[in-house]
1. What ranking, highest mean first, results for peptides 76-84, 275-283, 24-32 when packing means the other Cβ atoms within 10 Å averaged over each residue?
2. Quick check on the exposure proxy: order K367, K215 from fewest to most C-beta atoms within 10 angstrom.
3. When the chain is fully extended, how far beyond the present Cα-Cα distance does R28 get from E274, taking 0.36 nm per residue of separation?
4. Between S6 and T216, what is the spin-label point distance in nm, taking each point 7 Å from the Cα along the Cα→C-beta axis?
5. Based on the alpha-carbon gyration tensor of the range 90-135 and its eigenvalue square roots a ≥ b ≥ c, which shape applies: rounded if a/c is under 1.5, prolate if not and a/b is larger than b/c, or oblate?
6. What does the charge count near L35 come to, summing +1 for each Lys or Arg and -1 for each Asp or Glu among other residues with Cβ under 15 Å from its Cβ?
7. Which value, in debye to the nearest 20, gives the size of the charge dipole of the range 229-380 about its Cα centre, when Lys and Arg are +1 and Asp and Glu are -1 at the Cβ?
8. Apply the Karplus curve 6.51 cos²θ - 1.76 cosθ + 1.60, θ = phi - 60°, to the phi angles in the range 211-222 and return the couplings in whole Hz, x for Gly and Pro.
Amino acid sequence: MSLDSSTLFLVATLICTLLGGMLLHFGRQEKIPALYWWGCAYLIGAASVAQWQILGAFLPENVVLSLAGVGFIACGMMWNAARVFHGHKPNWPGLVLGAIAWVAAVVSLPPELSWLRMNIGAGLVAIYAGLTASELFAERRKSMTRRWPAMLVPLLHGGVLMLPIVLAELLPAQGTSSTNNVWIMIFAIELVLYAIGTVFVIFMLVSERTVRAHKTAASLDPLTGLFNRRGFSEATGRMIEREAEAGRPVTVMIFDLDHFKSINDRFGHPAGDEVIKLFATIVSGSLRMSDLCGRIGGEEFAALLPCSIEEAMTAAERVREAFEGCGLEVDGAPIATTVSIGVAGGPANIELEVLLAAADTALYQAKRGGRNRVVATAEQPLSLEQGRRRAAQREEPRQPVIVRSAMSIGA
């Protein structure tokens, strides 16, 4: 059974209508503005194809072709949907510029130059497809291997539309009616495939963004917006590896808010939450953008700095002074806001657990020393591997003695 172009365009219209309604439904459910843009683009595109097929038998050709300019608005909406999805503002002039150019071509060009008019239309759609692909390519948060399907679909769409223009230069004698019918058939099939492929790309992008958002939420503390223990461990692990490759040291700080339980008992847990949020703001503002900080316990925070322990001590003292002098009050009653800080530095490729353990020891010394102070470890902590080697070396003198004793008994 053979399909004519009218049947294929009817199928394309129905598919675009169905997919457009589905995108609008999911956009309303998930509250994603870009899905509204994509859904409306599909519905407008379906309406454009439908009016071209239905009204073509009743209205003059120029009127039908002018009304087909609505289809170029759909192309502009596809481009703007990609912009909105990536956080950019819609380009309103670009949305209608293609339709204006098409209507101008229809009105100004005589009927005998219909081939030029069709080439202009194909070129406009290809330009919108290229803009959409470039917008998707500009999203550099994903690796190239995960971006290529999103770019390939619009690029293929533009390439298919530009193919007759290229072949017209190579094969100038192809402009027969049978050849034109073949191209119309190809365009109809390609339109169906493009509509389905684009929806696949859309849901792939939305799915990746949702997974990324959930992963980010699982790594952040909801009260302060800083990393939680899991997020801090993952982020610092990457930083330690990066600094180890460059041979640079890293330093860990552990902060513990002094007498926090008494603040909760005296002023209530809402006041305690305000103190925690205030300290999170202070520690974020006192450290550099390259430093990492997180809330790893109830009133306990930690930070990793890619610097020497001397520089970290200066930063820790800056945090301590800022928190002590913040002047927080609840119902007119001042709250004593002080923090004890333990600092530990280590060589390249030191394990985070080792640094945290050493900084925790220094924090304990700061607590015992009267609180509201910064204390650093007296000696550089060993890595886990170094610690195991040193422990093995300490045991080595004992092992030969036990062996010799056993041999003398046997003798």
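What follows draws every value from the coordinates through simple rules; no lab data is involved. All figures in this text were calculated on a predicted structure; none of them were measured in a lab. Note that each Cβ is placed from the backbone with ideal geometry, even for glycine, and that neighbours are counted across all protein chains shown.
1. Numbers: 76-84: 24.6, 275-283: 20.0, 24-32: 14.0.
So the order, starting with the most tightly packed, is 76-84, 275-283, 24-32.
2. If I rank by nearby Cβ atoms, fewest first, I get K215, K367.
3. Gain in length upon complete extension: 85.0 nm.
4. The modelled label-to-label distance comes out at 5.2 nm.
5. Cα axes put the range 90-135 in the oblate bin.
6. Details: positive: R28, K31, R83, R209; negative: E30, E208.
Result for the local shell: +2.
7. So the dipole magnitude of the range 229-380 works out to roughly 60 debye.
8. With coefficients 6.51, -1.76 and 1.60, one gets 4, 5, 5, 5, 5, 5, 4, 6, 9, 10, 7, x Hz.
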